[in-house]
Amino acid sequence: MTADIMHAMVLKQPGEALQFVEMPIPEPGPGQLLVRVDACAVCRTDLHVVDGELAHPKLPLVPGHEIIGRVIEVGAQASRFRSGDRVGIPWLGWTCGTCRYCQNGQENLCSAARFTGYQIDGGYARYCVADERYCFAIEGGFSDAEAAPLMCAGLIGYRTLRMAGDARRIGFYGFGAAAHIAAQICRHEGREVFSFTRPGDTAAQTFARQLTGGWAGGSDEAPPEPLDAALIFAPVGDLVPTALRATAPGGVVVCGGIHMSDIPAFPYSILWMERSIRSVANLTRQDGEDFLALAPRIPIVTHVTTFPLAQANDALASLRQGQLTGAAVLLPEGP
């Protein structure tokens with residue numbers, strides 16, 4: 001490679017494998033940072049983009065939105081960070097700043113929002129550019145690989161848990177990257193944790209018990225006592241009525257993913273008694289600031305499996321097949 005060329009994994013068409021290519025290192029525009037990517041976690045949303053379940057991605061596209069790296073160059077009018085600073089780059093990459101949602105602390109609902117690794121080239125590369133306003137300062141205490149899942153699994157897990165209010169008995173449906181972080185927050189706050197995995201996935205159930213000290217079983221099982229809240233991270237619509245049946249009167253079912261298969265019809269009786277269903281959309285920068293202040297105090301421990309950047313397709317396949325414990329993280333190489 002020449003000095004101005006980098007390696008990247010690129011999606012040419014949804015449904016196809018990513019291609020390992022050489023491409024020019026991007027240049028930061030006004031208000032942007034050029035960041036050397038040192039770690040990028042692999043998110044289920046990446047799967048939805050690659051598999052064509054999220055429509056109209058930028059093409060060709062460099063996926064990846066759980067990025068940890070160092071600032072290499074600061075664009076004109078950018079002033080929050082300096083060269084050498086360690087930063088995190090999340091899913092939310094830009095909002096309009098003027099709509100009623102942006103003006104009301106709900107920038108996660110901005111209809112003009114643009115997202116890293118979807119409409120903006122992301123972190124499956126050695127370098128990327130990002131709007132500095134949507135980057136986070138990443139302090140010490142976490143290695144790059146350990147910090148990468150905090151940028152989405154951690155942030156979405158945190159926002160999803162906060163939508164459960166002060167619920168004491170929390171059920172996690174799908175015990176992957178997001179749940180294994182949010183469950184640690186629950187334990188820190190003294191809540192009871194109940195973990196649901198794919199039926200028969202004893203390895204994931206053992207991992208959940210070791211991490212939370214709570215009950216774990218298959219999603220086809222009922223918890224030993226009714227839940228105050230159920231958080232669904234698996235993209236499986238069939239789990240919504242399952243979770244409702246496991247939830248006590250007045251409880252809430254929170255769907256934490258950006259994509260889910262269709263929710264089947266269910267009897268009103270399992271929603272009655274003031275149970276509710278709600279979804280989580282993206283994140284706000286305030287979520288990030290709050291969560292990143294909390295994570296080192298707990299401290300959060302992320303369980304990661306690392307892959308070289310060139311093996312991004314293998315990492316995605318492992319996630320798709322449910323073979324990971326915790327999160328997968330890509331490690332780009334080179335200068």
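Summary table below
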item	result
Top-ranked residue in the stretch 99-128 [being of a type in the set (S, T, N, Q) and part of a helix (DSSP H, G or I); ranked as surrounded by the most Cβ atoms within 10 Å (Cβ to Cβ)]	108
Failed item, numbered, when residue 45 is tested on (1) more than 19 Å from residue 154 (Cα to Cα); (2) out of contact with any strand residue (DSSP E or B) (no Cβ under 7 Å at 6 or more places or on another chain); (3) surrounded by 18 or more Cβ atoms within 10 Å (Cβ to Cβ)	(1)
Matching option when the condition is part of a strand (DSSP E or B) and at pLDDT 95 or above, among 220, 228	228
Checking residue 85 against (1) touching a residue at least 40 places away in the same chain (Cβ under 8 Å); (2) exposed (fewer than 15 other Cβ atoms within 10 Å of the Cβ), the condition it does not meet	(2)
Residues located in the stretch 283-300, provided they are more than 27 Å from residue 246 (Cβ to Cβ) and either assigned to a helix (DSSP H, G or I) or in contact with a helix residue (DSSP H, G or I) (Cβ under 7 Å, 6 or more places away or on another chain) (or both)	284, 285, 286, 288, 289, 290, 292, 293, 294, 295, 296, 297
Some residue of the stretch 282-297 being more than 19 Å from the chain's Cα centre (by Cα) and either at pLDDT 95 or above or hydrophobic (A, V, I, L, M, F, W, C) (or both)	yes
Single residue of the stretch 61-77 satisfying the filter (part of a loop (DSSP other than H, G, I, E, B) and within 22 Å of the chain's Cα centre (by Cα)) that is surrounded by the most Cβ atoms within 10 Å (Cβ to Cβ)	64
Test: residue in the stretch 174-192 that is under 24 Å from residue 259 (Cα atoms), outside the structural domain of residue 66 (by TED's automatic domain parsing) and over 18 Å from the mean Cα position of the chain (by Cα)	no
Filter result (over 22 Å from residue 217 (Cβ atoms), touching a residue at least 60 places away in the same chain (Cβ under 8 Å) and either in a helix (DSSP H, G or I) or not assigned by TED's automatic domain parsing to the domain that holds residue 198 (or both)) within the stretch 242-277	none
Number of the condition not met by residue 315 [criteria: (1) out of contact with any Ser or Thr (no Cβ under 9 Å at 6 or more places or on another chain); (2) assigned to a helix (DSSP H, G or I); (3) hydrophobic (A, V, I, L, M, F, W, C)]	(1)
Some residue of the stretch 88-98 being assigned to a loop (DSSP other than H, G, I, E, B), among the hydrophobic types (A, V, I, L, M, F, W, C) and more than 26 Å from residue 142 (Cα to Cα)	yes
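Quick grid of which residues meet (1) closer than 22 Å to residue 43 by Cβ; (2) part of a loop (DSSP other than H, G, I, E, B); (3) of a type outside the set (Ser, Thr, Tyr):
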{"position": "165", "(1), (2), (3)": "no, yes, yes"}
{"position": "175", "(1), (2), (3)": "yes, yes, yes"}
{"position": "183", "(1), (2), (3)": "yes, no, yes"}
{"position": "196", "(1), (2), (3)": "yes, no, yes"}
{"position": "199", "(1), (2), (3)": "no, yes, yes"}
{"position": "205", "(1), (2), (3)": "no, no, yes"}
{"position": "208", "(1), (2), (3)": "yes, no, yes"}
{"position": "211", "(1), (2), (3)": "yes, no, yes"}
{"position": "216", "(1), (2), (3)": "no, no, yes"}
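The values are calculated or read from the model by the stated rules, or taken from the named source; none is laboratory data. In this text the structure is predicted, and so the values were computed from the model without any measurement. All Cβ positions, glycine included, derive from the backbone under ideal geometry; neighbour counts span all protein chains shown.
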